[in-house]
Amino acid sequence: MSGTFVGMPAFPEAAREAVGNATLRGNLRHATHTIRAKRAKAVAEVSDWAELREAGKRIKDHTLRHLDRYLVQLEESVTAAGGVVHWAADAEEANRIVTELVRATGEREVVKVKSMATQEIGLNEALEAAGIRAYETDLAELIVQLGEDRPSHILVPAIHRNRGEIRDIFAREMGAWGRPAPEGLTDRPAELAEAARLHLREKFLRAKVGISGANFMVAETGTLVVVESEGNGRMCLTLPETLISVVGIEKIVPRWRDLEVFLQTLPRSSTAERMNPYTSMWTGTTDGDGPRTFHLVLLDNGRTDTLADEVGRQALRCIRCSACLNVCPVYERAGGHAYGSVYPGPIGAILSPQLRGTASEIDASLPYASSLCGACYEVCPVAIDIPEVLVHLRERIVQGGPATRDGNKVVLKPAGGHAAERAAMRAARWAFSRPGALRAGQRLASGTRRFHPRTLPGPGRAWSATRELPTVPAESFRVWWQRTRGGKDMTK
(Lines give C-alpha, C1' and ligand atoms only; values in the text may rest on other atoms or scores of the structure.)
Protein backbone atom coordinates (compact mmCIF):
# COMPACT_ATOMS: atom_id res chain seq x y z
CA MET A 1 0.00 0.00 0.00
CA SER A 2 0.97 3.64 -0.20
CA GLY A 3 4.47 4.54 0.87
CA THR A 4 2.97 7.59 2.57
CA PHE A 5 2.46 5.45 5.67
CA VAL A 6 5.76 3.55 5.67
CA GLY A 7 7.49 3.71 9.03
CA MET A 8 4.37 4.62 11.02
CA PRO A 9 4.67 3.74 14.72
CA ALA A 10 2.31 1.31 16.42
CA PHE A 11 -1.24 2.57 16.92
CA PRO A 12 -0.93 3.29 20.68
CA GLU A 13 2.08 5.54 20.10
CA ALA A 14 0.51 7.37 17.17
CA ALA A 15 -2.81 7.72 18.98
CA ARG A 16 -1.17 9.13 22.12
CA GLU A 17 -0.06 12.23 20.23
CA ALA A 18 -3.46 12.65 18.56
CA VAL A 19 -5.36 12.35 21.84
CA GLY A 20 -3.31 15.22 23.24
CA ASN A 21 -4.36 17.54 20.39
CA ALA A 22 -7.42 19.42 21.71
CA THR A 23 -8.18 21.07 18.35
CA LEU A 24 -8.14 17.74 16.54
CA ARG A 25 -10.40 16.11 19.10
CA GLY A 26 -12.83 19.02 18.91
CA ASN A 27 -12.97 18.85 15.10
CA LEU A 28 -13.54 15.09 15.17
CA ARG A 29 -16.14 15.16 17.91
CA HIS A 30 -18.22 17.82 16.19
CA ALA A 31 -18.03 16.18 12.76
CA THR A 32 -18.65 12.56 13.78
CA HIS A 33 -21.55 13.42 16.10
CA THR A 34 -23.18 15.52 13.39
CA ILE A 35 -22.81 12.86 10.69
CA ARG A 36 -24.04 9.96 12.82
CA ALA A 37 -27.07 11.88 14.05
CA LYS A 38 -28.08 12.65 10.46
CA ARG A 39 -27.44 9.04 9.44
CA ALA A 40 -29.65 7.68 12.22
CA LYS A 41 -32.49 9.93 11.06
CA ALA A 42 -32.10 8.90 7.40
CA VAL A 43 -32.01 5.19 8.24
CA ALA A 44 -35.08 5.49 10.49
CA GLU A 45 -37.10 6.59 7.45
CA VAL A 46 -36.69 3.14 5.86
CA SER A 47 -39.08 0.56 7.27
CA ASP A 48 -37.22 -2.40 5.72
CA TRP A 49 -33.68 -1.34 6.67
CA ALA A 50 -32.92 -4.68 8.37
CA GLU A 51 -34.02 -6.54 5.23
CA LEU A 52 -31.93 -4.29 2.98
CA ARG A 53 -28.93 -4.84 5.25
CA GLU A 54 -29.35 -8.61 5.08
CA ALA A 55 -29.84 -8.47 1.30
CA GLY A 56 -26.60 -6.49 0.88
CA LYS A 57 -24.75 -9.00 3.03
CA ARG A 58 -26.04 -11.96 1.02
CA ILE A 59 -25.28 -10.37 -2.35
CA LYS A 60 -21.73 -9.61 -1.27
CA ASP A 61 -21.16 -13.06 0.26
CA HIS A 62 -22.50 -14.78 -2.85
CA THR A 63 -20.26 -12.66 -5.07
CA LEU A 64 -17.16 -13.37 -3.00
CA ARG A 65 -17.85 -17.13 -3.12
CA HIS A 66 -18.01 -16.98 -6.91
CA LEU A 67 -15.62 -14.11 -7.50
CA ASP A 68 -13.59 -15.94 -10.14
CA ARG A 69 -16.67 -16.46 -12.33
CA TYR A 70 -18.00 -12.92 -11.98
CA LEU A 71 -14.63 -11.31 -12.70
CA VAL A 72 -14.37 -13.20 -15.98
CA GLN A 73 -17.94 -12.17 -16.83
CA LEU A 74 -17.11 -8.55 -16.02
CA GLU A 75 -14.07 -8.58 -18.29
CA GLU A 76 -16.16 -10.00 -21.13
CA SER A 77 -18.88 -7.39 -20.62
CA VAL A 78 -16.48 -4.43 -20.41
CA THR A 79 -14.57 -5.61 -23.49
CA ALA A 80 -17.79 -6.10 -25.47
CA ALA A 81 -18.79 -2.53 -24.59
CA GLY A 82 -15.55 -1.08 -25.96
CA GLY A 83 -13.41 -0.93 -22.82
CA VAL A 84 -10.02 -2.49 -22.13
CA VAL A 85 -9.42 -4.54 -18.97
CA HIS A 86 -6.05 -4.82 -17.21
CA TRP A 87 -5.23 -7.08 -14.25
CA ALA A 88 -2.92 -5.86 -11.47
CA ALA A 89 -1.67 -8.30 -8.84
CA ASP A 90 -0.25 -5.58 -6.59
CA ALA A 91 0.30 -1.85 -6.19
CA GLU A 92 3.50 -1.80 -8.22
CA GLU A 93 1.86 -3.44 -11.21
CA ALA A 94 -1.21 -1.20 -11.01
CA ASN A 95 0.93 1.95 -10.88
CA ARG A 96 3.00 0.76 -13.82
CA ILE A 97 -0.11 0.06 -15.91
CA VAL A 98 -1.70 3.44 -15.18
CA THR A 99 1.56 5.35 -15.75
CA GLU A 100 2.07 3.68 -19.12
CA LEU A 101 -1.52 4.39 -20.15
CA VAL A 102 -1.16 8.08 -19.31
CA ARG A 103 2.21 8.31 -21.07
CA ALA A 104 0.67 6.78 -24.19
CA THR A 105 -1.70 9.74 -24.43
CA GLY A 106 1.20 12.20 -24.39
CA GLU A 107 -0.38 14.09 -21.49
CA ARG A 108 1.39 15.20 -18.32
CA GLU A 109 -1.68 16.10 -16.25
CA VAL A 110 -4.64 14.08 -15.02
CA VAL A 111 -7.74 14.92 -13.00
CA LYS A 112 -8.90 12.45 -10.39
CA VAL A 113 -12.19 11.41 -8.83
CA LYS A 114 -11.94 10.60 -5.12
CA SER A 115 -10.62 7.03 -5.00
CA MET A 116 -9.41 5.02 -2.03
CA ALA A 117 -7.96 2.34 -4.31
CA THR A 118 -5.58 4.85 -5.92
CA GLN A 119 -4.62 6.16 -2.47
CA GLU A 120 -4.01 2.58 -1.34
CA ILE A 121 -1.46 1.97 -4.08
CA GLY A 122 0.14 5.42 -3.88
CA LEU A 123 -0.78 6.30 -7.47
CA ASN A 124 -0.28 10.06 -7.10
CA GLU A 125 3.27 9.51 -5.91
CA ALA A 126 3.98 7.06 -8.74
CA LEU A 127 2.65 9.48 -11.35
CA GLU A 128 4.68 12.33 -9.87
CA ALA A 129 7.84 10.21 -10.11
CA ALA A 130 7.05 9.74 -13.80
CA GLY A 131 6.62 13.48 -14.37
CA ILE A 132 2.81 13.39 -14.40
CA ARG A 133 0.83 15.70 -12.14
CA ALA A 134 -2.42 14.40 -10.64
CA TYR A 135 -5.05 16.90 -9.48
CA GLU A 136 -7.53 15.79 -6.84
CA THR A 137 -10.97 17.27 -7.54
CA ASP A 138 -13.00 16.17 -4.53
CA LEU A 139 -13.18 19.17 -2.18
CA ALA A 140 -11.83 17.32 0.86
CA GLU A 141 -9.15 15.56 -1.19
CA LEU A 142 -8.16 18.94 -2.64
CA ILE A 143 -7.71 20.29 0.90
CA VAL A 144 -5.54 17.31 1.80
CA GLN A 145 -3.45 17.63 -1.37
CA LEU A 146 -2.90 21.37 -1.09
CA GLY A 147 -1.98 21.01 2.57
CA GLU A 148 0.50 18.19 1.84
CA ASP A 149 -1.52 16.19 4.33
CA ARG A 150 -2.92 12.67 4.58
CA PRO A 151 -6.61 11.67 4.50
CA SER A 152 -8.06 10.81 7.89
CA HIS A 153 -11.59 9.64 7.06
CA ILE A 154 -13.14 7.47 4.35
CA LEU A 155 -15.94 9.86 3.44
CA VAL A 156 -14.50 13.20 4.62
CA PRO A 157 -10.71 12.97 4.19
CA ALA A 158 -10.16 16.44 5.70
CA ILE A 159 -12.42 15.87 8.71
CA HIS A 160 -9.52 16.79 10.99
CA ARG A 161 -9.41 20.34 9.56
CA ASN A 162 -11.65 23.22 10.60
CA ARG A 163 -12.78 26.10 8.39
CA GLY A 164 -10.05 28.46 9.50
CA GLU A 165 -7.35 25.94 8.67
CA ILE A 166 -8.90 25.30 5.25
CA ARG A 167 -9.00 29.02 4.48
CA ASP A 168 -5.33 29.34 5.34
CA ILE A 169 -4.41 26.37 3.14
CA PHE A 170 -6.35 27.76 0.16
CA ALA A 171 -4.86 31.24 0.52
CA ARG A 172 -1.33 29.89 0.87
CA GLU A 173 -1.23 27.01 -1.64
CA MET A 174 -3.80 27.41 -4.43
CA GLY A 175 -1.64 29.74 -6.49
CA ALA A 176 1.15 27.16 -6.77
CA TRP A 177 -1.30 24.59 -8.20
CA GLY A 178 -3.30 26.82 -10.52
CA ARG A 179 -5.81 29.61 -10.04
CA PRO A 180 -5.09 31.35 -6.71
CA ALA A 181 -7.67 31.87 -4.00
CA PRO A 182 -9.67 35.14 -4.18
CA GLU A 183 -8.36 38.11 -2.24
CA GLY A 184 -9.90 38.50 1.18
CA LEU A 185 -11.09 34.90 1.35
CA THR A 186 -12.95 34.20 4.61
CA ASP A 187 -13.80 30.89 6.30
CA ARG A 188 -17.46 30.97 5.25
CA PRO A 189 -18.31 27.57 3.67
CA ALA A 190 -19.87 29.20 0.61
CA GLU A 191 -16.72 31.23 -0.08
CA LEU A 192 -14.44 28.23 0.42
CA ALA A 193 -16.55 26.13 -1.93
CA GLU A 194 -16.56 28.89 -4.56
CA ALA A 195 -12.78 29.25 -4.34
CA ALA A 196 -12.41 25.50 -4.92
CA ARG A 197 -14.92 25.59 -7.78
CA LEU A 198 -13.06 28.35 -9.62
CA HIS A 199 -9.71 26.68 -9.00
CA LEU A 200 -10.89 23.32 -10.34
CA ARG A 201 -12.91 24.52 -13.31
CA GLU A 202 -9.81 25.27 -15.39
CA LYS A 203 -8.50 21.78 -14.59
CA PHE A 204 -11.70 20.12 -15.80
CA LEU A 205 -11.76 22.08 -19.05
CA ARG A 206 -8.07 21.43 -19.81
CA ALA A 207 -7.61 17.79 -18.78
CA LYS A 208 -7.50 15.07 -21.43
CA VAL A 209 -7.13 12.17 -18.98
CA GLY A 210 -9.34 11.33 -16.01
CA ILE A 211 -8.67 8.73 -13.32
CA SER A 212 -11.34 7.25 -11.07
CA GLY A 213 -12.23 4.36 -8.87
CA ALA A 214 -15.73 2.92 -8.65
CA ASN A 215 -18.23 2.14 -5.95
CA PHE A 216 -19.63 -0.82 -7.87
CA MET A 217 -18.98 -2.85 -11.03
CA VAL A 218 -21.81 -4.86 -12.60
CA ALA A 219 -20.64 -8.17 -14.05
CA GLU A 220 -23.82 -8.63 -16.08
CA THR A 221 -23.47 -5.42 -18.11
CA GLY A 222 -19.88 -4.21 -17.57
CA THR A 223 -21.24 -1.03 -15.98
CA LEU A 224 -19.22 0.98 -13.44
CA VAL A 225 -20.87 3.21 -10.85
CA VAL A 226 -19.56 6.24 -8.97
CA VAL A 227 -21.72 7.98 -6.37
CA GLU A 228 -20.74 11.45 -5.11
CA SER A 229 -22.20 14.67 -3.77
CA GLU A 230 -20.30 17.52 -5.45
CA GLY A 231 -20.41 16.94 -9.21
CA ASN A 232 -16.63 16.88 -9.57
CA GLY A 233 -16.80 13.18 -10.32
CA ARG A 234 -19.27 13.74 -13.15
CA MET A 235 -16.87 16.28 -14.69
CA CYS A 236 -13.92 13.86 -14.48
CA LEU A 237 -15.94 10.97 -15.88
CA THR A 238 -17.39 12.79 -18.89
CA LEU A 239 -15.06 15.58 -20.07
CA PRO A 240 -11.64 13.85 -20.58
CA GLU A 241 -10.88 11.93 -23.75
CA THR A 242 -9.39 9.00 -21.82
CA LEU A 243 -10.78 7.51 -18.60
CA ILE A 244 -8.78 5.08 -16.44
CA SER A 245 -10.57 3.41 -13.53
CA VAL A 246 -8.65 1.54 -10.82
CA VAL A 247 -11.01 -0.70 -8.86
CA GLY A 248 -10.55 -3.41 -6.25
CA ILE A 249 -11.81 -6.79 -7.39
CA GLU A 250 -14.23 -6.97 -4.44
CA LYS A 251 -16.33 -4.04 -5.77
CA ILE A 252 -18.19 -6.31 -8.18
CA VAL A 253 -21.91 -7.22 -8.02
CA PRO A 254 -23.44 -9.86 -10.26
CA ARG A 255 -26.51 -8.17 -11.71
CA TRP A 256 -27.85 -4.72 -12.54
CA ARG A 257 -30.80 -5.25 -10.20
CA ASP A 258 -28.38 -5.72 -7.25
CA LEU A 259 -27.64 -1.99 -7.38
CA GLU A 260 -31.16 -1.35 -6.10
CA VAL A 261 -30.09 -2.51 -2.64
CA PHE A 262 -26.80 -0.63 -2.39
CA LEU A 263 -28.07 2.63 -3.87
CA GLN A 264 -30.44 2.77 -0.90
CA THR A 265 -28.06 1.72 1.87
CA LEU A 266 -24.84 3.50 0.80
CA PRO A 267 -26.07 7.12 0.69
CA ARG A 268 -28.01 6.82 3.92
CA SER A 269 -25.06 5.25 5.73
CA SER A 270 -22.47 7.69 4.38
CA THR A 271 -23.87 11.15 3.68
CA ALA A 272 -27.28 10.59 5.35
CA GLU A 273 -29.01 11.31 2.04
CA ARG A 274 -31.88 9.38 0.51
CA MET A 275 -29.84 9.21 -2.67
CA ASN A 276 -26.58 10.73 -3.80
CA PRO A 277 -26.91 13.98 -5.78
CA TYR A 278 -24.70 12.49 -8.49
CA THR A 279 -24.86 8.82 -9.45
CA SER A 280 -22.75 8.32 -12.57
CA MET A 281 -22.84 5.08 -14.55
CA TRP A 282 -20.90 4.20 -17.67
CA THR A 283 -20.60 1.07 -19.78
CA GLY A 284 -17.56 0.99 -22.04
CA THR A 285 -17.47 3.80 -24.59
CA THR A 286 -20.10 5.45 -26.76
CA ASP A 287 -19.43 7.56 -29.86
CA GLY A 288 -20.01 11.24 -29.18
CA ASP A 289 -20.74 10.77 -25.46
CA GLY A 290 -18.04 10.78 -22.81
CA PRO A 291 -14.44 9.54 -23.09
CA ARG A 292 -13.40 7.90 -26.35
CA THR A 293 -11.10 5.44 -24.55
CA PHE A 294 -11.85 3.54 -21.34
CA HIS A 295 -9.43 1.37 -19.35
CA LEU A 296 -10.38 -0.69 -16.29
CA VAL A 297 -7.55 -1.77 -13.98
CA LEU A 298 -8.72 -4.57 -11.68
CA LEU A 299 -6.69 -4.47 -8.47
CA ASP A 300 -5.91 -7.43 -6.20
CA ASN A 301 -3.19 -6.14 -3.84
CA GLY A 302 -3.92 -8.61 -1.04
CA ARG A 303 -7.62 -9.13 -1.66
CA THR A 304 -7.27 -12.74 -2.81
CA ASP A 305 -5.26 -13.49 0.32
CA THR A 306 -8.02 -11.92 2.42
CA LEU A 307 -10.62 -13.97 0.56
CA ALA A 308 -8.85 -17.16 1.65
CA ASP A 309 -9.59 -16.37 5.32
CA GLU A 310 -13.08 -17.65 6.14
CA VAL A 311 -13.51 -15.22 9.04
CA GLY A 312 -11.57 -12.22 7.75
CA ARG A 313 -13.05 -12.24 4.23
CA GLN A 314 -16.20 -10.48 5.42
CA ALA A 315 -14.13 -7.26 5.42
CA LEU A 316 -14.35 -7.44 1.61
CA ARG A 317 -18.09 -6.76 1.84
CA CYS A 318 -17.27 -3.16 2.78
CA ILE A 319 -18.91 -0.52 0.57
CA ARG A 320 -16.83 2.34 2.09
CA CYS A 321 -19.72 4.18 3.73
CA SER A 322 -17.68 5.20 6.83
CA ALA A 323 -20.59 4.65 9.24
CA CYS A 324 -18.34 2.56 11.49
CA LEU A 325 -15.88 5.45 11.87
CA ASN A 326 -18.55 7.89 12.97
CA VAL A 327 -19.73 5.74 15.89
CA CYS A 328 -16.33 4.46 17.02
CA PRO A 329 -15.15 5.94 20.36
CA VAL A 330 -11.54 5.08 19.51
CA TYR A 331 -11.60 6.82 16.13
CA GLU A 332 -13.35 9.86 17.60
CA ARG A 333 -10.46 10.40 20.00
CA ALA A 334 -7.48 9.23 17.99
CA GLY A 335 -8.40 10.39 14.50
CA GLY A 336 -7.60 8.68 11.23
CA HIS A 337 -3.86 9.32 10.90
CA ALA A 338 -3.03 7.06 13.85
CA TYR A 339 -4.18 4.01 11.84
CA GLY A 340 -1.29 4.42 9.38
CA SER A 341 -3.48 3.55 6.42
CA VAL A 342 -5.86 5.09 3.91
CA TYR A 343 -8.47 2.90 5.62
CA PRO A 344 -8.87 4.31 9.14
CA GLY A 345 -11.30 3.43 11.88
CA PRO A 346 -12.82 0.01 12.62
CA ILE A 347 -12.86 -1.16 9.00
CA GLY A 348 -9.21 -0.15 8.61
CA ALA A 349 -8.32 -2.06 11.76
CA ILE A 350 -9.44 -5.30 10.08
CA LEU A 351 -8.80 -4.54 6.39
CA SER A 352 -5.28 -3.10 6.44
CA PRO A 353 -3.69 -5.98 8.42
CA GLN A 354 -5.19 -8.43 5.93
CA LEU A 355 -4.20 -6.55 2.78
CA ARG A 356 -0.69 -5.75 4.04
CA GLY A 357 -0.05 -8.57 6.49
CA THR A 358 0.86 -8.16 10.16
CA ALA A 359 4.66 -8.05 9.89
CA SER A 360 4.96 -4.32 10.54
CA GLU A 361 4.55 -2.71 13.95
CA ILE A 362 1.56 -0.63 12.87
CA ASP A 363 -0.33 -3.53 11.25
CA ALA A 364 0.25 -5.84 14.23
CA SER A 365 -1.23 -3.18 16.51
CA LEU A 366 -4.34 -2.27 14.49
CA PRO A 367 -6.58 -5.16 15.64
CA TYR A 368 -6.14 -3.80 19.17
CA ALA A 369 -7.38 -0.32 18.18
CA SER A 370 -10.86 -1.08 19.46
CA SER A 371 -12.87 -1.34 22.65
CA LEU A 372 -14.95 -4.19 21.08
CA CYS A 373 -18.11 -2.26 21.95
CA GLY A 374 -19.82 -3.54 18.79
CA ALA A 375 -21.22 -0.18 17.65
CA CYS A 376 -19.46 -0.61 14.28
CA TYR A 377 -21.30 -3.86 13.60
CA GLU A 378 -24.66 -2.34 14.51
CA VAL A 379 -24.37 0.44 11.90
CA CYS A 380 -22.65 -1.50 9.10
CA PRO A 381 -25.04 -1.63 6.10
CA VAL A 382 -23.62 -5.00 4.98
CA ALA A 383 -23.42 -6.50 8.50
CA ILE A 384 -19.65 -6.95 8.75
CA ASP A 385 -19.00 -8.37 12.22
CA ILE A 386 -15.95 -6.20 12.83
CA PRO A 387 -15.51 -7.27 16.50
CA GLU A 388 -15.39 -10.93 15.42
CA VAL A 389 -12.67 -10.21 12.86
CA LEU A 390 -10.73 -8.07 15.35
CA VAL A 391 -10.61 -10.95 17.85
CA HIS A 392 -9.71 -13.36 15.04
CA LEU A 393 -6.78 -11.17 13.98
CA ARG A 394 -5.65 -10.70 17.57
CA GLU A 395 -5.46 -14.47 17.91
CA ARG A 396 -3.41 -14.69 14.72
CA ILE A 397 -0.98 -12.04 15.98
CA VAL A 398 -0.55 -13.57 19.44
CA GLN A 399 -0.57 -17.25 18.50
CA GLY A 400 0.58 -17.23 14.88
CA GLY A 401 -0.80 -19.95 12.64
CA PRO A 402 -1.79 -20.63 9.02
CA ALA A 403 -2.48 -17.74 6.65
CA THR A 404 -2.25 -16.89 2.96
CA ARG A 405 0.28 -14.32 1.72
CA ASP A 406 0.88 -13.54 -1.94
CA GLY A 407 -1.23 -16.54 -2.86
CA ASN A 408 0.88 -18.99 -0.85
CA LYS A 409 -0.04 -20.93 2.28
CA VAL A 410 2.27 -19.87 5.10
CA VAL A 411 2.51 -20.37 8.85
CA LEU A 412 2.89 -17.09 10.70
CA LYS A 413 5.08 -16.89 13.76
CA PRO A 414 3.66 -15.31 16.93
CA ALA A 415 4.33 -11.58 17.02
CA GLY A 416 6.83 -10.23 19.50
CA GLY A 417 5.71 -8.50 22.65
CA HIS A 418 2.85 -10.87 23.47
CA ALA A 419 4.63 -13.48 25.62
CA ALA A 420 2.77 -12.40 28.77
CA GLU A 421 -0.57 -12.58 26.98
CA ARG A 422 0.16 -16.07 25.68
CA ALA A 423 1.22 -17.19 29.15
CA ALA A 424 -1.95 -15.75 30.69
CA MET A 425 -4.16 -17.49 28.13
CA ARG A 426 -2.39 -20.83 28.71
CA ALA A 427 -2.85 -20.43 32.47
CA ALA A 428 -6.53 -19.61 32.00
CA ARG A 429 -7.01 -22.66 29.77
CA TRP A 430 -5.35 -24.88 32.36
CA ALA A 431 -7.50 -23.51 35.21
CA PHE A 432 -10.82 -23.59 33.36
CA SER A 433 -10.26 -27.20 32.35
CA ARG A 434 -9.73 -28.24 36.03
CA PRO A 435 -12.78 -27.44 38.20
CA GLY A 436 -10.95 -28.19 41.43
CA ALA A 437 -8.10 -25.82 40.66
CA LEU A 438 -10.56 -23.13 39.56
CA ARG A 439 -12.57 -23.50 42.78
CA ALA A 440 -9.43 -23.26 44.92
CA GLY A 441 -8.25 -20.20 43.02
CA GLN A 442 -11.59 -18.46 43.46
CA ARG A 443 -11.59 -19.11 47.20
CA LEU A 444 -8.02 -17.87 47.53
CA ALA A 445 -8.85 -14.69 45.59
CA SER A 446 -11.92 -14.02 47.76
CA GLY A 447 -10.08 -14.69 50.99
CA THR A 448 -7.24 -12.29 50.20
CA ARG A 449 -9.34 -9.55 48.58
CA ARG A 450 -8.40 -6.95 51.21
CA PHE A 451 -4.73 -7.24 50.22
CA HIS A 452 -5.20 -6.91 46.45
CA PRO A 453 -3.29 -3.99 44.82
CA ARG A 454 -5.14 -1.19 43.09
CA THR A 455 -2.91 -1.52 40.01
CA LEU A 456 -1.31 -4.49 38.31
CA PRO A 457 2.45 -5.06 38.42
CA GLY A 458 4.81 -5.63 35.51
CA PRO A 459 3.26 -5.79 32.00
CA GLY A 460 -0.21 -5.43 33.52
CA ARG A 461 0.63 -1.88 34.60
CA ALA A 462 -0.16 -0.60 31.09
CA TRP A 463 -3.68 -2.02 31.37
CA SER A 464 -4.49 -0.73 34.86
CA ALA A 465 -2.96 2.69 34.21
CA THR A 466 -6.14 3.74 32.41
CA ARG A 467 -8.70 1.41 34.03
CA GLU A 468 -9.95 0.58 37.48
CA LEU A 469 -8.95 -2.90 38.58
CA PRO A 470 -12.18 -4.86 39.20
CA THR A 471 -12.85 -5.70 42.85
CA VAL A 472 -12.98 -9.41 43.68
CA PRO A 473 -16.37 -10.27 45.29
CA ALA A 474 -16.58 -11.71 48.78
CA GLU A 475 -17.78 -15.03 47.35
CA SER A 476 -17.71 -16.51 43.90
CA PHE A 477 -20.84 -17.36 41.93
CA ARG A 478 -20.12 -21.05 42.58
CA VAL A 479 -20.09 -20.50 46.36
CA TRP A 480 -23.22 -18.32 46.21
CA TRP A 481 -25.04 -20.98 44.21
CA GLN A 482 -24.13 -23.74 46.63
CA ARG A 483 -25.17 -21.58 49.57
CA THR A 484 -28.53 -20.51 48.12
CA ARG A 485 -29.45 -23.67 46.21
CA GLY A 486 -28.99 -26.26 48.91
CA GLY A 487 -25.38 -27.11 48.25
CA LYS A 488 -25.99 -28.50 44.78
CA ASP A 489 -22.61 -28.96 43.04
CA MET A 490 -22.50 -27.18 39.66
CA THR A 491 -19.70 -29.38 38.36
CA LYS A 492 -21.77 -32.56 38.36
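Miscellaneous remarks
- Filtered residues of region 445-465 (kept if open to solvent by less than 70 Å² (accessible area, probe 1.4 Å), assigned to a helix (DSSP H, G or I) and under 30 Å from residue 417 (Cα atoms)): 445, 458, 460, 464
Each row is one residue, and each column tells you yes or no for (1) closer than 30 Å to residue 257 by Cβ; (2) touching a helix residue (DSSP H, G or I) at 6+ places or on another chain (Cβ under 6 Å); (3) open to solvent by less than 20 Å² (accessible area, probe 1.4 Å).
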position	(1), (2), (3)
68	yes, no, no
72	yes, no, no
78	yes, no, yes
88	yes, yes, yes
91	no, yes, yes
103	no, no, no
106	no, no, no
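- Any hit, region 293-300, residues being within 30 Å of residue 389 (Cα to Cα) and open to solvent by 10 Å² or more (accessible area, probe 1.4 Å): yes
- Residue check for residue 188: open to solvent by 50 Å² or more (accessible area, probe 1.4 Å) and over 30 Å from residue 294 (Cβ atoms): yes
- The single condition from (1) small (Gly, Ala, Ser); (2) farther than 19 Å from residue 207 by Cβ; (3) within 25 Å of the chain's Cα centre (by Cα) that residue 126 fails is (2).
- Of the residues examined, residue 269 is not one that is small (Gly, Ala, Ser), open to solvent by 30 Å² or more (accessible area, probe 1.4 Å) and touching a residue at least 24 places away in the same chain (Cβ under 8 Å).
- Enumeration of residues in region 227-248 that are within 15 Å of residue 319 (Cβ to Cβ) and open to solvent by 10 Å² or more (accessible area, probe 1.4 Å): 227, 228
- Considering region 273-319, and only residues there that are among the acidic types (Asp, Glu) and assigned to a loop (DSSP other than H, G, I, E, B), the residue that is nearest to residue 221 (Cα to Cα) turns out to be 287.
- Within region 129-142, tally of residues that are within 22 Å of the chain's Cα centre (by Cα) and either touching a residue at least 40 places away in the same chain (Cβ under 8 Å) or on the phi > 0 side of the Ramachandran plot (or both): 4
- Comparison of 364, 349 shows that the only residue that is open to solvent by 10 Å² or more (accessible area, probe 1.4 Å) and in contact with a helix residue (DSSP H, G or I) (Cβ under 6 Å, 6 or more places away or on another chain) is 364.
- If you go through region 83-123 and keep only what is in a strand (DSSP E or B) and within 21 Å of the chain's Cα centre (by Cα), you end up with 88, 112.
The values are calculated or read from the model by the stated rules, or taken from the named source; none is laboratory data. Nothing here was measured: the structure is a model prediction, and the numbers come from that model. Neighbour counts run over all protein chains shown; Cβ positions are idealised from the backbone, glycine included. Calculation scope for accessible area: heavy atoms of the full protein, side chains included, ligands and nucleic acids excluded. Shrake-Rupley method; radii C 1.70, N 1.55, O 1.52, S 1.80 Å.
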